1. Taking only segment 261-312 into account, find how many residues are part of a helix (DSSP H, G or I), among the hydrophobic types (A, V, I, L, M, F, W, C) and either out of contact with any Ser or Thr (no Cβ under 9 Å at 6 or more places or on another chain) or at pLDDT below 95 (or both).
2. Looking at SER33 and the list (1) farther than 30 Å from VAL138 by Cα; (2) under 22 Å from the mean Cα position of the chain (by Cα), which single condition is not satisfied?
3. Would you confirm, using the coordinates I've provided, whether ALA114 is within 15 Å of the ligand (Cβ to nearest atom) and within 22 Å of the chain's Cα centre (by Cα)?
4. Starting from segment 124-140, keep only residues that are over 14 Å from ASP104 (Cβ atoms) and within 16 Å of the ligand (Cβ to nearest atom), then list their pairs with residues that are part of a helix (DSSP H, G or I) and at pLDDT 95 or above whose Cβ atoms are within a distance under 8 Å, requiring at least 6 positions of separation or different chains.
5. Against the definition (in a helix (DSSP H, G or I) and either touching a residue at least 12 places away in the same chain (Cβ under 8 Å) or within 30 Å of SER194 (Cα to Cα) (or both)), how does LEU345 come out, yes or no?
6. Pick from segment 131-156 the residues that are assigned to a helix (DSSP H, G or I) and surrounded by 23 or more Cβ atoms within 10 Å (Cβ to Cβ): which of them is farthest from the chain's Cα centre (by Cα)?
7. I want to confirm something. Restricting to segment 231-242 and keeping residues that are surrounded by fewer than 20 Cβ atoms within 10 Å (Cβ to Cβ) and in contact (Cβ under 8 Å) with a residue 40 or more places away in the chain, which single residue is nearest to the chain's Cα centre (by Cα)?
8. For segment 331-356, which positions are of a type in the set (A, V, I, L, M), crowded, with 19+ Cβ neighbours inside 10 Å and closer than 30 Å to ALA110 by Cα?
Amino acid sequence: MSFQNPVFIPGPTNIPDVIRKACDMPTIDHRSSLFAQFFVPAIEGVRKILKTTTGEVILFPSTGTGGWEAALSNTLSAGDTVLAARHGMFSHRWIDMCQRHGLDVQVIEAPWGAGAPVAAFEAALRADTGHKIKALLVTHNETATGVKSDIAGVRRALDAAGHPALLYVDGVSSIGSMDFRMDEWGVDLAIAGSQKGFMLPAGLAIVGISPKAIAAMDSAKLPRTFFDFRDMRNSYANGGFPYTPPVGLINGLATSVGMLLDEGLDTVFARHHRLAEGVRRAIAAWGMTPCAHSVDLYSDTVTAVVVPEGFNGTDVVNVAATKYGVAFGVGLGEVAGKVFRIGHLGSLTDVMMLSGLATAEMAMKDLGYPVTLGSGVAAAQDYYRKAADAAQMAAE
Ligand SMILES: *Cc1c(COP(=O)(O)O)cnc(C)c1O
């Protein structure tokens, strides 16, 4: 088995060499002033990527799932009412976590392939005249279906209803790859992980917290110790950590945010959009469609490709892995077998993307799919060529 091929799963993503080297650190004393030299820039960089000036950033040695738990346990109490929509595997798992924490979840069921139901949220918030709902949970980018939701719209719904609920946004597969505006959208808890848009190994939960979320900590009664924001904030005030931090990952994060900010966030988002659009052109050339129900929902970080009747998308993933050594994502939950997923986020170029599309074509051809070899690749090539021409013209 070769480690040379890039992965096309929607996380963990490919790790650039500079980030791998930054993670490879000798032991340092994390209680010395050395630690703050990369810890502080890492935190400040994440704040820029979240587009927050009023919020704070907290890192846990964990993953995105730990970020969910930290967000809930620091701001809520057992029995609190939480509003959420289930429209994919990740929104489903977050709801499950709320229930296991003894929260009373008001679930709006939506089709897998639809976005967060803004109108239904607004109706539920308006109906809640006693303000029992303490939290509104939204998955910015449903990684299971390749669906992006309208967080600005959710904020407008909260405001239109005059509702004070805190807004929690899972941005694990969007932050650092797609535009995210913590302050402008009034996000109170923004959750990310190290291994997706930040191009790092798994191991860090990254949580943005607003002043309103910080205030909510005082009355929140859910138990928390390892994930306690208060211990983190007390130590951060002195440039330190309450327990032993994963220094290599945090040094890697400082490098990662530096890379993203050097490339320019708008350029990063445009690159992800271009990669995604090439993938979508390829899918159309194969005579197939994304799982996302409409163009406004198309994710720029992952596409779930609906396979034709009579085929199982998981087979595409298995053939690509075993025969060609290339990783794609399987369908999860309700869409298991019905889709396979192409991840197009993180450290990827147009040229790398073409190799992924070519591999998907080979695997589909092997399985008897009605696709012509090269058809999707050609459609993506055509798009990438023209996009590069346009970029060159704009630079001249
Ligand atoms: C990957 C992912 C998670 C889970 O993150 P882990 O780091 O695997 O714990 C949560 N939400 C979304 C949207 C994701 O893509």
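The values are calculated or read from the model by the stated rules, or taken from the named source; none is laboratory data. These figures come from a predicted structure and were not determined experimentally. Neighbour counts are summed over all protein chains in view; Cβ atoms, including those assigned to glycine, are modelled from backbone coordinates with ideal geometry.
1. The first filter runs over segment 261-312 and keeps only residues part of a helix (DSSP H, G or I), leaving 261-263, 265-285, 295-297.
Adding the requirement that they be among the hydrophobic types (A, V, I, L, M, F, W, C) leaves 261, 265, 268-270, 275-276, 279, 282-285, 295, 297.
Adding the requirement that they be either out of contact with any Ser or Thr (no Cβ under 9 Å at 6 or more places or on another chain) or at pLDDT below 95 (or both) leaves 261, 265, 270, 284, 295.
Qualifying residue count for the region: 5.
2. (2)
3. On the way: within 15 Å of the ligand (Cβ to nearest atom): no; within 22 Å of the chain's Cα centre (by Cα): yes.
Taking the combined requirement at face value, the residue does not satisfy it.
4. So the pair list comes out as VAL138/ILE151; VAL138/VAL154; THR139/PHE90; THR139/SER91; THR139/TRP94; HIS140/ILE151.
5. On the way: in a helix (DSSP H, G or I): no; either touching a residue at least 12 places away in the same chain (Cβ under 8 Å) or within 30 Å of SER194 (Cα to Cα) (or both): yes.
In short, no.
6. Of segment 131-156, the ones assigned to a helix (DSSP H, G or I) are 151-156.
In the following step, the residues that additionally are surrounded by 23 or more Cβ atoms within 10 Å (Cβ to Cβ) were identified as 151, 154.
Values: ILE151: 13, VAL154: 18 Å.
Residue satisfying both the conditions and the ranking: VAL154.
7. Residues of segment 231-242 surrounded by fewer than 20 Cβ atoms within 10 Å (Cβ to Cβ): 231, 233-235, 237-240, 242.
Cutting the leftovers down to in contact (Cβ under 8 Å) with a residue 40 or more places away in the chain gives us 233, 239-240.
Numbers: ARG233: 24, GLY239: 27, GLY240: 27 Å.
Looking at the filtered set, the residue picked out is ARG233.
8. Hits for segment 331-356 are LEU332, VAL335, VAL339, ILE342, LEU345.
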